[in-house]
1. Answer yes or no: is there a residue in the range 480-493 that is in the same structural domain as residue 129 (by TED's automatic domain parsing) and either assigned to a strand (DSSP E or B) or surrounded by fewer than 19 Cβ atoms within 10 Å (Cβ to Cβ) (or both).
2. From the list 145, 140, 152, 202, exactly one residue is over 25 Å from the mean Cα position of the chain (by Cα), in contact (Cβ under 8 Å) with a residue 40 or more places away in the chain and either farther than 19 Å from residue 22 by Cα or surrounded by fewer than 19 Cβ atoms within 10 Å (Cβ to Cβ) (or both). Which is it?
3. In the range 40-65, how many residues are within 16 Å of residue 256 (Cα to Cα) and either surrounded by fewer than 16 Cβ atoms within 10 Å (Cβ to Cβ) or under 16 Å from the mean Cα position of the chain (by Cα) (or both)?
4. Considering only strands (runs of 3 or more DSSP E) fully contained in the range 236-292, which possess at least 2 residues that are in contact with a strand residue (DSSP E or B) (Cβ under 6 Å, 6 or more places away or on another chain) and within 25 Å of residue 317 (Cβ to Cβ)?
5. From the list 225, 248, pick out the single residue that is within 25 Å of the chain's Cα centre (by Cα), over 30 Å from residue 149 (Cα atoms) and at pLDDT 95 or above.
6. I'd like the residue in the range 321-335 that is under 16 Å from residue 449 (Cβ atoms) and not in a loop (DSSP other than H, G, I, E, B) and, out of all such residues, is farthest from the chain's Cα centre (by Cα).
7. Would you check which residues across the range 301-320 are touching a helix residue (DSSP H, G or I) at 6+ places or on another chain (Cβ under 7 Å) and either more than 28 Å from residue 160 (Cα to Cα) or part of a strand (DSSP E or B) (or both) and list them?
């Protein structure tokens, strides 16, 4: 059963066994496992309930409806946009459906550095099998690979570089290209179409437009959740909600899960809460090709092919190096993230059909932290504090040069990025300019779509916030199943890692009920 905020007309008091806070990758999996165990389960989602008929494929409408802060959530210095979904289904509704696992090197790194000996490939194998089956994970079909992405694969093959086609959780995709705005064709198999309906069919009650404000321990490991029904869009307070429960499963995301724990006073004895943030910052690159070479970046699977020749992944540090991934499907965002203005911008958009777009993704080591401010009505303003390390900056510049060389080799005439002060590169001879690239707020805008950390796994409370079963170290019956549990960057795309980690913990928990 799905109850939307506008259907609630008075204060609400409930009792249940398990409450899942958030409905994205981790929350959807948790809701299904609790309901499948026969437990009375309530899911609370701050965002709204939207279906295929509501996804009108317009960025100006869908980004405010589906993204946290309309896609404008940023680090405190304004250098990095931090994108997160905030809707029924969370980020699984607005991602590009790329299904990448946790690299073996990352697991080995976690085992060596953090002592996480339970997180092995063998121990996660059954979870991968269950998640992949539920989501219909498979290699993308050739028919929905656009030229914008295929140029990466063709060039990599010619140069002998490692590259490949992503696995995806689509079903019956027609290649509309609007993945970032929610799929109007129900092709992308996010939790909104899989785990949440499955949980609902098993009796879970799912409330949308309900924000969790704080958690109050009451007695005998029982808790009372204080929440608010909010107005859709503005998210202004409408009615109070109280829910008494035995178990809480936090899946509000890396930024907001620790905020709720902190405001509830549940951070005592958890010194790592809100720390160890990874953002995997990336920059968008555009490359203008000859007019006859049509990239058609707005159709097909927007992000379908990667070039991974320069990944540097090993047990010492997990993910490293850098990689290129084709991107598309967001003409409005690409038009905004450019170094052109006025007539130059108009000329740039006239070349849009023959312009290739890539993301240069540079994995990081945890170097950020979180703080928060709360308003009187319970709403929270996050402060994402993040510093680019000197080592990351060097890797970024090396990656930028390599990506530009690669694109020139592919046939590009001109390469640009979203910096208002770093002009176009029109030949490989100009690549030395990248040494002075302005990695400063206001001079470039980076993007993060994979914020992780803040409640990381650790063998004890000095090292992490949750144990290897994702339970809080300092309290019983409170679990965390979102991207916040990752000790370091888990993957280039985090949907599958979050789901697999959640599945392992929640399947085990459900078996013990």
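1. To start, the set of residues in the range 480-493 that are in the same structural domain as residue 129 (by TED's automatic domain parsing) comprises 480-493.
Subset that is either assigned to a strand (DSSP E or B) or surrounded by fewer than 19 Cβ atoms within 10 Å (Cβ to Cβ) (or both): 480.
Yes, the range 480-493 contains a residue that is in the same structural domain as residue 129 (by TED's automatic domain parsing) and either assigned to a strand (DSSP E or B) or surrounded by fewer than 19 Cβ atoms within 10 Å (Cβ to Cβ) (or both).
2. Numbers: 145 fails: over 25 Å from the mean Cα position of the chain (by Cα); 140 fails: over 25 Å from the mean Cα position of the chain (by Cα); 152 fails: over 25 Å from the mean Cα position of the chain (by Cα).
Only one candidate passes the filter, namely 202.
3. Looking only at that region, the number is 1.
4. Per the criteria, 282-288.
5. Working: 225 fails: within 25 Å of the chain's Cα centre (by Cα).
None of the others qualify; the one that does is 248.
6. Just the residues of the range 321-335 that are under 16 Å from residue 449 (Cβ atoms), to begin with: 322-330, 333-334.
Among the residues that remain, those that are also not in a loop (DSSP other than H, G, I, E, B) are: 323-326, 333-334.
Details: 323: 17, 324: 18, 325: 16, 326: 17, 333: 17, 334: 19 Å.
Here the answer is 334.
7. 305, 307, 314, 318
The values are calculated or read from the model by the stated rules, or taken from the named source; none is laboratory data. Since the structure is predicted, the reported quantities are computational estimates derived from the model, not experimental observations. Cβ coordinates were reconstructed from backbone atoms using ideal geometry, including for glycine residues, and neighbour counts include every protein chain displayed.
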